[in-house]
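Student: Below is the structure I would like to discuss, written out as structure tokens.
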């Protein structure tokens with residue numbers, strides 16, 4: 001913690017270069033507007049609160065409530081088709097014709113939990129919040145969850161009337177907000193909200209300094225650095241009663257804003273929050289498409305879930321690297337490229353092509369990075385002799401040429417998605433594989449650029 005205090009002076013700089021104050025309704029539109037948007041939606045956000053529940057074999061979805069929040073910060077173009085499949089989709093349809101007016105994809109902590117042993121014997125429920133543009137007239141909303149084979153495993157369909165008196169209206173929260181980056185023209189930005197967790201009232205300056213570090217970690221890292229003007233980043237300070245997250249294996253339970261804790265799924269270093277509605281409530285009317293929750297702890301931990309949440313311990317020495325990695329999951333839909341030993345259960349079965357753009361089972365490799373392979377590249381691609389050593393331990397000793405061989409030489413290398421066999425990655429080393437690697441590989445870079453374009457063009 002002592003080292004982190006050295007960054008507090010950045011908060012004073014933030015106060016000078018950023019516009020700080022109580023939450024406001026400053027509007028940032030995302031992309032040129034499709035005529036369909038103006039015909040069917042208003043400049044407001046409808047938050048749909050669901051409970052996803054079940055066990056390893058069963059899934060169910062229940063609507064818990066609806067909330068009208070702030071301005072719509074999402075896409076106003078590319079409305080009908082998500083760029084990636086994800087592990088679930090939301091569809092907003094015309095109830096008469098069945099035409100899809102808006103859709104998006106996502107993944108959930110619930111579906112991740114289903115791969116753990118606990119799900120074999122204990123049913124559980126998980127909160128999820130899905131944002132859609134607020135409709136002008138009645139619409140039908142459908143939410144689907146898919147299994148590891150990409151097949152629909154659960155679905156809910158319900159009507160939404162914009163005149164429903166039980167749609168709760170959320171008001172601006174009395175929390176201090178700092179605009180860390182306003183981006184370029186308002187119609188072409190991607191809105192990110194950074195929320196404090198486990199910071200007491202007396203640690204406000206520390207949070208804003210950490211939020212500034214998070215901004216710099218992302219926007220100084222290619223390819224985000226090349227498109228920095230297309231991001232708007234706001235930091236929202238909402239104090240907690242206790243400092244730091246809960247640590248169940250130490251018997252420490254803290255009173256924090258969104259109930260973050262280690263030991264998720266009984267994995268000691270897995271830091272998450274299941275209180276998704278508290279996260280969204282705290283942000284109030286702040287416009288956002290993506291959320292980063294900074295947790296006040298020096299202990300390594302966190303995670304990134306596609307189109308749902310990035311959550312990170314902010315005080316660990318590897319904060320910058322891990323944040324970029326986890327945002328690669330949450331924003332770019334990138335999969336983990338590391339792997340373990342033999343596994344009997346796998347999230348990537350051989351008969352299904354993963355939806356993540358940087359993983360393949362070779363079931364439909366043509367849809368992935370086949371077009372990026374140099375002529376004559378063998379599939380699978382043998383690893384270089386450099387890869388035969390403990391790369392993480394000696395990465396710092398490699399020359400730039402050696403690093404380029406491992407990071408830039410595109411092939412089809414076996415071992416990815418936690419599996420030693422049957423799943424393949426694009427390069428030998430990448431930011432999505434080890435923290436020591438300074439860059440995304442060419443395939444991950446292209447995937448991120450495509451996602452930025454999808455939001456903004």
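Student: Can you list, largest first and rounded to whole Å, the semi-axes you get for region 202-296 by taking the square root of 5 times each eigenvalue of its Cα gyration tensor? Show your work: numbers first, answer last.
Tutor: Values: eigenvalues 136, 50, 36 Å².
Gyration-tensor ellipsoid for region 202-296: 26, 16, 13 Å.
Student: Rg to Rh ratio, region 232-352, alpha-carbon atoms and Kirkwood radius? Walk me through the numbers before you get to the answer.
Tutor: Numbers: Rg = 15.4 Å, Rh = 15.6 Å.
Ratio of gyration radius to Kirkwood radius for region 232-352: 0.99.
Student: Ordered by packing density, taken as the mean number of other Cβ atoms within 10 Å over each peptide's residues, highest first, how do 284-297, 128-141 rank?
Tutor: Details: 284-297: 23.9, 128-141: 19.5.
Most protected by this proxy first, the peptides run 284-297, 128-141.
Student: What is the diffusion coefficient of region 116-155 in µm²/s, taking the Kirkwood radius over Cα pairs and the Stokes-Einstein relation at 20 °C with a viscosity of 1.002 mPa s?
Tutor: On the way: Rh = 13.4 Å.
For these conditions, the coefficient is 160 µm²/s.
Student: Based on the Cα gyration tensor of region 35-169, what are the three equivalent ellipsoid semi-axes, each the root of five times an eigenvalue, rounded to whole Å and given largest first?
Tutor: Working: eigenvalues 152, 51, 31 Å².
They are 28, 16, 12 Å, listed largest first.
Student: A further question on this structure: Residues in region 118-143, backbone N under 13 Å from the label point at residue 161 (7 Å along the Cα-to-beta-carbon vector): list them, ranges by number please.
Tutor: Once the point is set 7 Å along Cα→Cβ of residue 161, 137-139 turn out to lie under 13 Å by backbone N, inside region 118-143.
Student: Which values, in whole Å and largest first, are the semi-axes of the equivalent ellipsoid of region 108-262 obtained as the square root of 5 times each eigenvalue of the Cα gyration tensor?
Tutor: Working: eigenvalues 180, 136, 77 Å².
Listed largest to smallest, the semi-axes of region 108-262 are 30, 26, 20 Å.
Student: Now for a separate question. Send over the per residue convex hull volume for region 365-456, Cα only, as a whole number of Å³. Kindly include the intermediate steps, with their values, before the conclusion.
Tutor: Values: hull volume 11.1 nm³, N = 92.
Roughly 120 Å³ of hull volume per residue.
Student: Follow-up question, since we're still on this one. In the chain, what percentage of the DSSP-assigned beta bridges are antiparallel, given to the nearest 5? Write out the running numbers ahead of the final one.
Tutor: On the way: 59 of 80 bridges.
Among the beta bridges of the chain, antiparallel pairing accounts for roughly 75 percent.
Student: To the nearest 0.05, how large is the calculated FRET efficiency for residue 392 and residue 449 if R₀ is 35 Å and r is the Cβ-Cβ distance?
Tutor: Working: r = 27 Å, r/R0 = 0.77.
E(calc), rounded to 0.05, equals 0.80.
Student: Need the full-extension length gain, residue 55 to residue 363, defined as separation in residues times 0.36 nm minus the C-alpha distance. One decimal, nm.
Tutor: Working: separation 308, 0.36 × 308 = 110.88 nm, distance 2.79 nm.
Gain in length upon complete extension: 108.1 nm.
Student: Rounded to the nearest 0.05, what FRET efficiency is calculated for residue 402 and residue 249 with R0 set to 30 Å and r the Cβ-Cβ distance? List each step's numbers first, then the result.
Tutor: Numbers: r = 39 Å, r/R0 = 1.31.
With a Förster radius of 30 Å, E is 0.15.
Student: Tell me the Rg and the Dmax, in Å, that the Cα atoms of region 292-381 produce.
Tutor: Just the Cα atoms of region 292-381 yield Rg and Dmax of 16.2, 49 Å.
Student: While we're here: Return one quarter of the surface area of the convex hull spanned by the alpha-carbon atoms of the chain, equal to its mean projected area, in nm². Before the final figure, lay out the partial values.
Tutor: Numbers: hull surface 88.0 nm².
Average projection, Cα convex hull of the chain: 22.0 nm².
Student: Let me ask you something else. Could you tell me the calculated FRET efficiency between residue 182 and residue 457, based on Cβ-Cβ distance and R0 = 22 angstrom, to the nearest 0.05? Numbers along the way, then the final one.
Tutor: Values: r = 19 Å, r/R0 = 0.87.
That pair, residue 182 with residue 457, gives E of 0.70.
Student: State, to one decimal in nm, how far the label point of residue 377 lies from the label point of residue 96, with both points 7 Å from Cα in the Cβ direction.
Tutor: Roughly 5.1 nm, to one decimal.
Student: Taking Cα atoms of region 50-90, Rg/Rh with Kirkwood Rh, to two decimals?
Tutor: On the way: Rg = 14.2 Å, Rh = 13.5 Å.
Checking Rg against Rh, the ratio lands at 1.06.
A short reminder: the numbers here are calculations on the coordinates, not readings from a lab. Model, not experiment: these values are computed from the prediction. Heads up, the Cβs are rebuilt from the backbone with ideal geometry, glycines too, and the neighbour counts pull from every protein chain shown.
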